[in-house]
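What follows is calculated from the coordinates using simple rules that are stated; it is not laboratory data. This is a predicted model, so every value here is computed, not measured. Here the Cβ is made from the backbone with ideal geometry for all residues, glycine too, and neighbour counts use every protein chain on show.
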Amino acid sequence: MQVTTIGLDIAKSVFQLHGVDQDGRAVLRRKVRRDQLLTLLGGLAPCLVGIEACATAHHWARQIAALGHEVRLMPPTYVKAYVKRNKNDAADAEAICEAVTRPTMRFVPVKSAEAQSILMLHRARHLMVRQRTAQVSAFRAHLAEYGIVAPKGRAHVPDLIALLGKEALPLPELARQILRLIAEVIGGLNGQIRAIEIELLAWHRSNAVSRRLESIPGIGFITATALAASVADPCSFRSGRQFAAWLGLVPKQHSSGGKERMGVISKMGDRYLRHLLVVGATAVVRTAGPRKTSLGIWADQLLERKPFRLVTVALANKISRTAWAVMSRQQSYRAAPATA
């Protein structure tokens with residue numbers, strides 16, 4: 001039995017393998033448990049192993065590659081078309097085995113353990129920011145029930161917390177205790193978010209790609225570290241447009257019969273990266289005065305005839321293309337002359 005290609009359907013405890021020889025004949029159909037997988041693959045000659053890019057896929061890709069196999073990760077959406085009839089583990093493994101050999105298939109670069117750790121910091125920070133926003137909203141809403149109305153935004157939270165110490169404030173003692181608990185939660189989340197940002201800043205200063213990305217207007221160290229950790233191989237994208245399409249920042253097409261119909265952006269890629277780029281583009285558009293960059297001037301000219309949000313998304317598209325060029329050419333951003 002000479003296996004040349006294996007489709008591996010991974011799960012939590014039980015994995016399904018489908019292997020074929022050089023003539024495409026199925027020579028391996030087996031279901032194995034988690035602790036048996038590496039032993040089985042270690043006894044086979046080096047071959048091509050296809051895996052869907054899902055949870056734990058990068059971990060298994062690194063483990064299997066260490067055994068001498070060539071591992072390729074694929075988006076599950078692209079593999080789905082090769083499932084013939086009913087969906088089960090065996091059919092999924094066969095579809096993966098078929099899809100990994102297609103010459104037009106697009107693959108996902110395997111992330112290192114360090115890159116996954118940085119992305120874990122980003123996910124944890126994003127979760128805590130959402131939790132802090134919920135706590136601040138609850139804090140303001142509870143105070144409003146007693147006639148104390150404050151403006152929106154975290155900048156006003158310290159003033160509201162200071163009000164809790166004033167005895168003249170018309171608040172029952174029980175309500176005051178609950179609000180103090182919420183204030184402690186907000187303070188704890190602020191400290192945790194700050195600690196994560198310190199770790200991200202330290203990694204940013206030690207990573208050349210991240211530092212080059214920060215030179216682009218609209219990209220700070222948060223966005224720079226997220227891009228540097230997420231994009232393992234920028235050369236896997238043919239152009240900046242393909243990179244922007246991967247992020248979901250290009251219009252969705254509904255073209256047929258030679259007629260091109262462009263709709264809203266596709267939103268097909270990483271939602272977190274897209275969010276960071278749009279927020280950065282919004283900051284560039286709102287920058288005024290002598291600090292206005294060439295990208296900001298371009299956005300101002302577009303703003304004369306297009307809505308604000310459309311302009312910020314278009315600028316995020318432009319920034320993403322610039323980020324791809326900076327990563328692929330390994331050069332810092334060189335701004336064009338800022339002429340009106």
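Couple of notes before you dig in:
- FRET efficiency for Glu145 and Glu304, using Cβ-Cβ distance with R0 set to 51 Å, rounded to 0.05: 0.70
- Among Thr5, Thr287, the ranking by other beta carbons within 10 Å of each residue's beta carbon, starting with the fewest, stands as Thr287, Thr5.
- Ratio of the Cα radius of gyration of the chain to 2.2 N^0.38 Å, where N counts its residues: 1.26
- Considering only alpha-carbon pairs that sit under 8 angstrom and 6 or more positions apart, the relative contact order computed for the chain is 12 percent.
- Selected from Glu199, Glu173, Glu52 as most flexible by GNM, with the chain as the system and alpha-carbon contacts under 10 Å: Glu173
- Residue exposure sequence - Cys97, Cys235 - by fewest surrounding Cβ within 10 Å: Cys235, Cys97
- Fluctuation leader among Lys80, Lys31, Lys166 - the chain, Gaussian network, Cα springs under 10 angstrom: Lys166
- Our compactness index for the stretch 37-84, the C-alpha radius of gyration over the empirical 2.2 N^0.38 Å, is 1.20.
- Cβ-based net charge around Gln242, under 11 Å, with every Lys or Arg adding one and every Asp or Glu removing one: +4
- Estimated FRET transfer efficiency when R0 is 25 angstrom, pair Ser266-Arg29 (beta carbons, to 0.05): 0.10
- Highest-MSF residue in the chain out of Phe221, Phe107, Phe139 [GNM, Cα springs under 10 Å]: Phe139
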